[in-house]
1. Amide H to amide H, which residues 5 or more places from residue 309 or on other chains are under 5 Å from it, using H placed in the peptide plane?
2. Under a point spin-label approximation (7 Å from Cα along Cα-to-Cβ), what is the residue 165-residue 298 distance to one decimal in nm?
3. Under a plain spin-label model, where a point goes 7 Å from the Cα along Cα-to-Cβ, how far apart in nm are residue 258 and residue 283?
4. So, taking all protein chains as they sit and a 1.4 Å probe, how much accessible area belongs to residue 251, in Å² rounded to tens?
5. Starting from one equal scatterer on each C-alpha and no solvent at all, send me the Debye-based log10 I(q)/I(0) for region 203-303 at q = 0.19 Å⁻¹, two decimals.
6. Given points 7 Å out from each Cα along the Cα-Cβ axis, report the residue 305 to residue 18 separation in nanometres with one decimal.
Amino acid sequence: MPQPGQTGSPENSTATPTRRELRAQREAGETPEVSAEPAEQKAAPAVSVAPDAARAAARPMAAQPVTATPGAPRPPRSKRNSPLTVAVTLLAIPGLFLTAALPAYAFTPGEGLVGARTAHQRASAEAQDVTVAAGSASISVARDGFSATTTAQLAERERAAAAEQAADAAAATTAAYAVYGIRADGDDYPWAGKTSGLSPLGYVYGQCVDFVAWRLNRDAGVTGGNWRWTWSNLTPSGGDASQWANAWSGHGWATGNKPVVGAVAWFNYNHVAYVQSVSAGGSVVLEEYNWMGSSAYHTRTVPASEVPLFLYPPT
């Protein structure tokens, strides 16, 4: 017969510990042995549980304090982050990536954000000081007072400038030839008296062209041999006096209506003469050969206006 306070026999039942016994076991670090024998192999008789034991068994396990065994490893404690920490972390991480991807900018008061490179360039430019010496020459810019409002006015100005340049060139040319001064008159033709055949200059003896060619050589400093001016380089296309104006034009040599000493007086009726002198009144003294069909030396004074064209000495 089971005794009071027991259920079943001692071999086939397990007494339920009281709260005091459980507390004592926890304080001592002991763990009550629990039978793991399957229920189907061992049928336990009905057990009457004391009120205190029932309350202890009904208490949730999580509410029961657990005393760790001295020397035993402590189980890891799980850390739970607050919602505020998680939100701050989620916002901070993308911000770090965006900050690393942005270019460097500098803030200038009154100008907003300015690129760092632009700010550096501005600082470098402002740092460069230029010092101008007191003795440096100042440059003044002269402006033309002419103002053109139409294309016609511009064209007229260009024509006037071209005419002025041509006049200056002609004046310079005649001034350069005028240094010859007055030549001593007189017959110095080396082949005087000959009227047929070709002279060393390539023209017929005693003709106007041969005499003028001789005078051009004389003025160039050549009076015998190694002639500078001959038919081959003066008038290679023909020896007649009527062809001399075209020959001068073909060479690009200067011509004009102003007489100078040493020039060739060209007449369009197939005659040339040498300008020996120019008077203040505008008349010229000419020296020539074969005037009016005479193969001899001749001189005359005529107004400069009667000479159709003056061929200036070739260069």
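The values are calculated or read from the model by the stated rules, or taken from the named source; none is laboratory data. All values reported here derive from a predicted model rather than from experimental measurement. Quick reminder, even Gly has a Cβ in these numbers, built from the backbone with ideal geometry, and neighbours come from all protein chains shown. When the accessible area is computed, the model is the full protein with side chains, heavy atoms only, and any ligands, DNA or RNA have been set aside. Shrake-Rupley method; radii C 1.70, N 1.55, O 1.52, S 1.80 Å.
1. Excluding prolines and chain starts, which carry no amide H, the hits are 266.
2. With each label point 7 Å from Cα toward Cβ, the separation is 4.3 nm.
3. Taking the simple label geometry, residue 258 and residue 283 are separated by 2.2 nm.
4. Around 80 Å² of this residue is reachable by solvent.
5. So the normalised log intensities are -0.98.
6. In this crude label model, residue 305 to residue 18 measures out at 16.8 nm.
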